[in-house]
Amino acid sequence: EAGVVQSPRYKIIEKKQPVAFWCNPISGHNTLYWYLQNLGQGPELLIRYENEEAVDDSQLPKDRFSAERLKGVDSTLKIQPAELGDSAVYLCASSTGQGTGNTIYFGEGSWLTVV
Amino acid sequence: AQSVTQPDIHITVSEGASLELRCNYSYGATPYLFWYVQSPGQGLQLLLKYFSGDTLVQGIKGFEAEFKRSQSSFNLRKPSVHWSDAAEYFCAVGAHNNNDMRFGAGTRLTVKP
């Protein structure tokens with residue numbers, strides 16, 4: 001069974017440029033998460049989807065970040081414009097979403113460097 | 001909302017020695033608890049999880065963790081550390097009423113030869 005797939009794995013961009021990350025969750029997983037992981041820190045939730053609905057986006061900086069999950073499968077996270085402080089790892093994860101305490105499976109992350 | 005504290009930022013142990021990584025959580029009910037490991041340049045891999053029942057849970061790679069409600073703790077242990085265990089370890093807590101999960105800041109493990 002394929003795991004959570006993310007692309008690109010690595011991205012270097014200049015500040016003020018846009019960037020987008022793509023995520024394909026595990027087949028059948030209704031819940032999809034985007035986490036931000038700064039260097040030396042634990043993952044912090046940016047947004048959680050239940051199917052195509054964003055049920056928790058309270059930590060998403062909406063002035064520059066946007067996300068979508070059309071058709072409730074793949075998801076895209078966009079930053080426009082990027083700032084130096086956005087350099088971090090963007091982790092996508094998914095779970096079955098059937099009740100609480102489900103195991104969350106992570107992708108390998110998209111590593112962003114803003115110069 | 002639930003939260004997690006990992007008091008140790010960095011731990012160094014000798015290969016073959018025992019290991020204990022600390023995790024304290026804050027949540028108003030019985031939590032769902034997880035330990036993940038992250039090797040450099042990789043995503044997070046689940047080591048073990050506690051939902052209910054036996055408070056001592058076994059995981060992959062020889063790890064185990066014990067849930068202690070009275071201490072709000074879920075410490076990770078391994079009797080004999082291998083050099084390949086060097087990585088970052090994250091404790092996480094899940095809530096009962098949704099699929100939210102919160103992570104600690106992590107503990108970096110260094111293994112000395």
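The values are calculated or read from the model by the stated rules, or taken from the named source; none is laboratory data. Because the structure is a prediction, the values reported are computed rather than measured. Counting neighbours? That spans all protein chains shown, and the Cβs are built from the backbone with ideal geometry, glycine included. Only protein heavy atoms, including side chains, enter the accessible area calculation; ligands, DNA and RNA are left aside. Shrake-Rupley method; radii C 1.70, N 1.55, O 1.52, S 1.80 Å.
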(Q) Any residue that is at the interface with chain A (Cβ under 9 Å from one of its Cβ atoms), open to solvent by 50 Å² or more (accessible area, probe 1.4 Å) and within 21 Å of A:F106 (Cα to Cα) - is there at least one of those in the stretch B:52-65? (A) no
**Q.** Filtered residue count, the stretch A:98-113, keeping only those that are open to solvent by 10 Å² or more (accessible area, probe 1.4 Å) and assigned to a strand (DSSP E or B)
**A.** 4
(Q) out of contact with any strand residue (DSSP E or B) (no Cβ under 9 Å at 6 or more places or on another chain), over 30 Å from B:H10 (Cα atoms) and more than 10 Å from chain B (Cβ to nearest Cβ): is that true of A:E53 in this structure? (A) yes
Q) (1) surrounded by fewer than 17 Cβ atoms within 10 Å (Cβ to Cβ); (2) within 25 Å of A:Q41 (Cβ to Cβ): which one isn't true of B:K49, the others all being true? A) (1)
Q.
Condition (residue is of a type in the set (G, A, S), surrounded by fewer than 17 Cβ atoms within 10 Å (Cβ to Cβ) and without any contact (Cβ under 8 Å) to a residue 60 or more places away in the chain) applied to the stretch B:10-24: is it met by at least one residue?
A. no
Q: Assess whether B:V81 counts as being in a loop (DSSP other than H, G, I, E, B) and of a type in the set (A, V, I, L, M).
A: yes
Q: Kindly provide the set of residues from the stretch B:2-22 that are more than 10 Å from every other protein chain (Cβ to nearest Cβ) and either farther than 23 Å from B:S84 by Cα or outside any strand (DSSP E or B) (or both), ordered by number.
A: B:Q2, B:S3, B:T5, B:P7, B:D8, B:E15, B:G16, B:A17, B:S18, B:R22
Q) If you scan the stretch A:9-23, which residues turn out to be open to solvent by less than 50 Å² (accessible area, probe 1.4 Å) and within 14 Å of another protein chain (Cβ to nearest Cβ)? A) A:F21, A:C23
Q: Inspect the stretch A:24-42 for any residue being within 15 Å of the chain's Cα centre (by Cα), under 24 Å from B:G106 (Cβ atoms) and either open to solvent by 40 Å² or more (accessible area, probe 1.4 Å) or among the small types (G, A, S) (or both) and give the result as yes or no.
A: yes
**Q.** Residue in the stretch A:43-53 that is most open to solvent (accessible area, probe 1.4 Å), counting only those that are touching a Leu at 6+ places or on another chain (Cβ under 7 Å) and either among the β-branched types (V, I, T) or assigned to a loop (DSSP other than H, G, I, E, B) (or both)
**A.** A:E52
